[in-house]
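Let me begin by presenting the structure, written as structure tokens, before commenting on it.
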Amino acid sequence: MFLNRVLATAAAAVIASVPVAMPALAQQSPQARTEYAPTMLVLDASGSMLAADPSGGTKMDAAKNAVRNFVTAAPGNAKVGLSAYGTGTGNSDAEKAAGCQDVQILHPAETIDKPGLTAATDQIVPRGYTPIGASLRAAAAALPQEGPRSIVLVSDGLDTCAPPDPCDVARELSAQGNEIVMHAIGFGVDDASRAQLTCIAQSTGGTYTDAADGAALEQVLPRVSAVALRSYAPVGLPITGASGYREAPVAEPGQYLDVIGQKKPQYYAVDVPDGANAYFSGTVSFPRGDRTNASTSNNRLDLQVYGAEGQDCHSRESELATRSVDGVALTVSSAWRGAAEADSGNTGTDNCRGGGHYYFALEWAHVSDGAPGQLPIELNIGVEPAVTDPGPAADPQPVEFSAPTTPVVPVVGGGSFNVATDLPGAGRYTDTVQRGEFVFYRVKVDWGQGLAYRVRFGSSAEEGSEYTSNIATTLYNPYRAELESDTTSYAGTERVLPANDAALATVPIRYLNREERGKVADQAVAGWHYIAVKLSPTIHSTRTVAPVPIELEVAVTGAPEPGPQYAQGDAAGEGTFGEKAKQVAAGDSAEQAGETSDSGISPLVWVAVAGAVVVAVAAFAGALLLARRRRH
């Protein structure tokens, strides 16, 4: 993508990358407490909601069901409030003056109170007018007055009380610099209502979605809300790195969370048995900031490996992120095979061979002006057992891409690696990406299989050079090493990435690929592979523009193979590389591991909600506006 990987004085053993796939997620530390963009649901309770719904009952019945399912599936720390209009008066001419002020805040946008929100929803009685403009102002006033906030409006018709015109209200809030994004859902609306609701959404950079009936609304409402709230939220078991290797905490395979300061190496120890392979990665999400000097806002993470007695193993990895103020999430990773190397009899190198303690030193080595003094950092640590049979020979040829012809499936990408949305194999998947977002998806790739995909950015409501953004996509392996990427400029007309090839593609995933040169060596671990899609802010960062529809065309090629045999038995290999090693963060329900909730929406949609729009909604946003392809 725009991350430049530098491998300096790396031993040949490091080039062969074989770490753990899918490390365990553990409890969040207090300093990594997930933040959410406070969100107000604004529900139409005007008299027209008493009309029959095509799927049965009244429109109001269907809307209540949608909200109940929304509340049930929402993550426990989400900040969600509820308001409604039209409940306090009838809709006679004599009641219009009062009815057009009839907006009720039924529940504040605080940490979600599921019983309270459900009870408030149940008590709504539709009766009166449709003061959409007034309801938007009231919802904005009920939200915090700074930081990112969201409003999700469900309406079945036009505002019947203007002025204020609801589209004008949306423009006012946007012009005042408020970080409020409004999403509108048209519940069985006509063309005029659809146009008004679309204007509200587009004026704030939000989305408009149609719901023809109650059944559709139950599906749409959680997806729209997930888009409003997704971002990068770091998670992990608390750990504190040491300033030197002697004091380094010993970490078992899993995911950890620490705080990293500027230009101060932090050491962590990992026990690696004889013949095993280890990996270590660190991910930092940089907050969005003033983009005036974005072109010089560059940050770099360095990762170095040390052996017994602090011996320098001459393995150094570096990752540089440009335009970090756009919300870049920067990952540096290292695979270490020293424990699989036999002693040579040379005291100068044997401290970096065979089993034992190895030390990984992370440093925020290059710091941009105005960067925070410290930031949370996710650490992923893994140990892969020795093998007795590595399986089939390496295959360095990328798989061929065959465009899927299956029906399109709507999905909501997650805001981080941790909550990347599952794509169940080959298919076509659609999402909506806002300017400044970077979203994650993941695809399971078994031994012997390969992954190929492309991303189509659809036409936007605005076109022209003033709406130019950078678009990019990146493919990562299970331990977050970048395999392929492509990027180009987008000015509102359809673009496809990669721009000059049929698809971004892996080779067939085989254990012995690690003995090959270049990026093929990184394609030696089966398991979840990550697809990231980025749409940067426009050149004019203060301009509010519409979100962009995207379509991912994904192909998984080849029949699964048995894979390598491990010295500790098959169970050890499966536990290291497969889903058995993945646990959702403490406090999340079992549903978030991939089951489907009663609403019919995968709870992975709600895992994707777990973050604040402000911190990393533009994660990995880059500044490159000319098409280029990373060379390997």
Practice prompt. With the full set of protein chains in place, find how many percent of the accessible area of the stretch 120-219 is carbon and sulfur; take the probe as 1.4 Å.
Written response: 50
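With the other protein chains left in place, how much accessible area per residue, in square angstrom, belongs to the stretch 245-313 at a 1.4 angstrom probe? Walk me through the numbers before you get to the answer.
Working: 2810 Å² over 69 residues.
Ligands and nucleic acids excluded, the figure is 41 Å² per residue.
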Worksheet entry | Label-to-label distance, nm, for residues given as Gln568 and Thr468 (7 Å Cα→Cβ offset) | 5.2
Worksheet item: Just in the stretch 471-518: which trypsin sites (Lys or Arg not before Pro) are loop by DSSP and have at most 14 other Cβ atoms within 10 Å?
Response: Arg517
Worksheet item: What accessible area per residue, rounded to a whole number of Å², is obtained for the stretch 411-531 using a probe radius of 1.4 Å?
Response: 24
Worksheet item: Name the GluC sites (Glu not before Pro) in the stretch 483-569 that are in a loop by DSSP and that have at most 16 other C-beta atoms within 10 Å, would you?
Response: Glu494
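How would Val545, Val259 rank on accessible area, largest to smallest, probe 1.4 Å?
On the way: Val545 10, Val259 30 Å².
Highest to lowest solvent-accessible surface, that is Val259, Val545.
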Worksheet, complete the sentence: Heads up, the stretch 106-200 by the C-alpha gyration tensor (a ≥ b ≥ c square roots of eigenvalues; a/c under 1.5 rounded, else a/b over b/c prolate, else oblate) looks oblate
Fill in: Net length gained if the chain between Thr58 and Ala175 were fully extended (0.36 nm per residue, minus Cα distance)
38.4 nm
Discussion item. What figure, in Å² to the nearest 10, do you get for the accessible area of Asp395 with a 1.4 Å probe and non-protein molecules left out?
Written reply: 40
Worksheet item: Exactly which trypsin sites (Lys or Arg not before Pro) in the stretch 257-344 are in a DSSP loop and have at most 12 other Cβ atoms within 10 Å?
Response: Lys263
Item to complete: Can you send over the solvent-accessible area of Thr430, 1.4 Å probe, protein chains only, in Å² to the nearest 10?
Response: 40
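The values are calculated or read from the model by the stated rules, or taken from the named source; none is laboratory data. Fair warning: this is a prediction, and the values are worked out from it, not measured in the lab. Here Cβ is always computed from backbone atoms with ideal geometry, including for glycine, and neighbour counts include all displayed protein chains. Calculation scope for accessible area: heavy atoms of the full protein, side chains included, ligands and nucleic acids excluded. Shrake-Rupley method; radii C 1.70, N 1.55, O 1.52, S 1.80 Å.
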